[in-house]
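We did not get these values from a lab; they are worked out from the coordinates using the rules stated. The structure presented is a predicted model; accordingly, all values stated were derived computationally and were not measured. Using ideal geometry, Cβ is built from the backbone for each residue, glycine included, and neighbour counts are taken over all protein chains shown.
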């Protein structure tokens with residue numbers, strides 16, 4: 001049984017071959033491209049379930065490729081590969097619409113687990129509780145709509161799922177590992193800063209008009225709390 005079609009975009013033939021072999025052993029089909037321009041050409045003929053994109057490439061780097069895809073309305077999940085280990089690179093990739101990132105050199109087992117987790121997340125979810133709220137924030141799971149003081153706030157799928165999980169556990173402190181498991185379906189040890197990055201995105205969108213309800217409990221995790229009532 002084929003688990004899905006993965007596109008690998010990397011200028012190093014050795015990396016493409018390594019990933020192709022590992023993914024095929026896990027029952028994925030693969031196509032590959034050596035740079036962003038080649039990838040765009042291939043995407044006219046193929047519809048992959050997930051993209052693995054290297055950042056440093058000639059002609060068109062991974063950032064530009066991802067930006068072009070997202071601007072065209074392509075929401076195919078993407079994992080970015082970076083050799084720099086630069087947090088700015090990570091933040092930029094996530095901001096442009098990447099779903100996750102892996103730093104070279106990487107473990108093949110971890111990469112496959114990340115691929116599988118992202119593909120599970122991409123499947124349509126059955127709505128549960130229709131309305132969740134905290135202070136000026138309200139989230140409707142059925143209509144996939146988030147409001148702040150009655151104004152619509154645009155969120156990515158990952159931002160929505162993170163906010164939803166925080167609201168479902170309003171007042172409780174949730175550890176980073178629990179959030180990685182619930183939102184990103186990562187159930188293995190990792191030093192990923194993706195949770196901190198997405199928490200910062202939510203704060204930029206919701207910490208305004210006196211509301212600062214998304215808290216960091218240093219050394220423990222994160223929580224969302226109702227604003228204190230004025231005396």
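Which one is right for this structure if semi-axes √(5λ) of the Cα gyration tensor in Å is calculated from it: (1) 34, 18, 17; (2) 42, 29, 12; (3) 25, 21, 16?
(1)
Summing -39500 (n - 2.57) over the DSSP H runs of n ≥ 4 in the chain and dividing by its residue number, what mean residue ellipticity at 222 nm do you reach, to the nearest 500 deg cm²/dmol? Walk me through the numbers before you get to the answer.
Numbers: 8 runs with 89 residues, N = 231.
It comes out at -11500 deg cm²/dmol, rounded to the nearest 500.
In nm, give the distance between the simple-model label positions of residue 37 and residue 83, each being 7 Å from the Cα along the Cα-to-Cβ direction.
If labels sit at residue 37 and residue 83, their model points lie 2.1 nm apart.
Between residue 228 and residue 75, what FRET efficiency follows from the Cβ-Cβ distance if R0 is 35 Å, with the result rounded to 0.05?
So the FRET efficiency works out to roughly 0.35.
Suppose R0 equals 35 Å; then what is the FRET efficiency for residue 220 and residue 152 from their Cβ-Cβ distance, rounded to the nearest 0.05?
0.60
What FRET efficiency comes out for residue 21 versus residue 168 if R0 is 41 angstrom and r is the Cβ-Cβ distance? Round to the nearest 0.05.
Efficiency at R0 = 41 Å is approximately 0.55.
For the Cα atoms of the chain, what angle does the longest principal axis make with the long axis of helix 62-71, in degrees from 0 to 90, nearest 10?
60
Compare 52, 137, 79 in a GNM of the chain, Cα atoms joined below 10 Å, and give the one with the largest fluctuation.
137
With 10 angstrom as the radius, rank 46, 165 by how many other C-beta atoms surround their C-beta, starting from the fewest.
46, 165
Compare 208, 45, 161 in a GNM of the chain, Cα atoms joined below 10 Å, and give the one with the largest fluctuation.
In the Gaussian network model the winner is 45.
Contour minus end-to-end for residue 205 and residue 108, with contour as 0.36 nm per residue of separation and end-to-end as the Cα-Cα distance?
Gain on stretching residue 205 to residue 108: 31.4 nm.
Using a 7 Å offset from the Cα along the Cα-to-Cβ direction at both residue 131 and residue 59, what is the distance between the two label points in nm, to one decimal?
Modelled inter-label distance: 5.3 nm.
Identify which of 209, 196, 187 has the largest mean-square fluctuation in a Gaussian network model of the chain, with springs joining Cα atoms closer than 10 Å.
209
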